[in-house]
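**Student:** My questions all concern the structure below.
The values are calculated or read from the model by the stated rules, or taken from the named source; none is laboratory data. The structure presented is a predicted model; accordingly, all values stated were derived computationally and were not measured. With ideal geometry, Cβ positions are generated from the backbone for all residues, glycine too; neighbour counts draw on all protein chains shown. For accessibility, only protein heavy atoms count, side chains too; no ligands or nucleic acids. Shrake-Rupley method; radii C 1.70, N 1.55, O 1.52, S 1.80 Å.
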Amino acid sequence: MARQEHSIEASLLAQLQEEIHRRLAPHRHTVLLAALIAAFLVRPLIGDSGAGPLFFSLAMLVLLLLALYNINVDEMVGERKTLVAQKRRRRIIAWALGFLAIAARLSVTLAPGRSLYLADSFLWLLLFAFITWNELRAV
């Protein structure tokens, strides 16, 4: 009896997930764009002291990586094997840039300096440019 109820619940959950995906998938790029704009609007309210900038940077990194993971190979044109390899390469590059950007932000937080601010800004610019370029290629 419990096993049958479990299979019914699993079936209903699968149907619910499919319905959510069907309704929300076409709007995922718009939602990510709105989230990025909201993040940039909220940033001045956080300030530049304490742990706020670090937490904002971590949240922004998660949002940017979600945007990169949001690119669906099945919607792109080209040979599937090549597209999967490109997607894997994009993820590796994005994680590397993200790790460097967070490390630079940590170093700026712990030991502020002009050269660290420049390196931090440059790494975040590279990360934004890389993910923006990949998002525009996917649309």
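**Student:** Of the residues that make up segment 38-47, is at least one in a loop (DSSP other than H, G, I, E, B) and either of a type in the set (Gly, Ala, Ser) or modelled with pLDDT of 75 or more (or both)? Reasoning before the result, please.
**Tutor:** In the first step, residues of segment 38-47 are kept if they are in a loop (DSSP other than H, G, I, E, B); the result is 47.
Applying the additional criterion that residues be either of a type in the set (Gly, Ala, Ser) or modelled with pLDDT of 75 or more (or both) yields 47.
Scanning segment 38-47, I find at least one residue that is in a loop (DSSP other than H, G, I, E, B) and either of a type in the set (Gly, Ala, Ser) or modelled with pLDDT of 75 or more (or both), so the answer is yes.
**Student:** In the list Leu65, Leu33, which residue meets the criterion of being at pLDDT below 80 and touching a Phe, Trp or Tyr at 6+ places or on another chain (Cβ under 8 Å)?
**Tutor:** Step by step, each of Leu65, Leu33 is checked, and only Leu65 is at pLDDT below 80 and touching a Phe, Trp or Tyr at 6+ places or on another chain (Cβ under 8 Å).
**Student:** Can you work out which of the residues in segment 85-134 that are open to solvent by 30 Å² or more (accessible area, probe 1.4 Å) and charged (D, E, K, R) is nearest to Ala51 (Cα to Cα)?
**Tutor:** The residue in question is Arg105.
**Student:** Among the residues of segment 115-139, which ones are over 16 Å from Phe56 (Cβ atoms) and in contact with a Gly (Cβ under 7 Å, 6 or more places away or on another chain)?
**Tutor:** none
**Student:** Still on this model: Can you work out which of the residues in segment 102-114 that are assigned to a helix (DSSP H, G or I) and at pLDDT below 85 is farthest from Val62 (Cα to Cα)?
**Tutor:** Step by step, filter segment 102-114, then rank; the result is Leu110.
**Student:** Check Arg105, Arg91 and return the single one that is of a type in the set (D, E, K, R) and touching a helix residue (DSSP H, G or I) at 6+ places or on another chain (Cβ under 6 Å).
**Tutor:** Exactly one residue qualifies, and that residue is Arg105.
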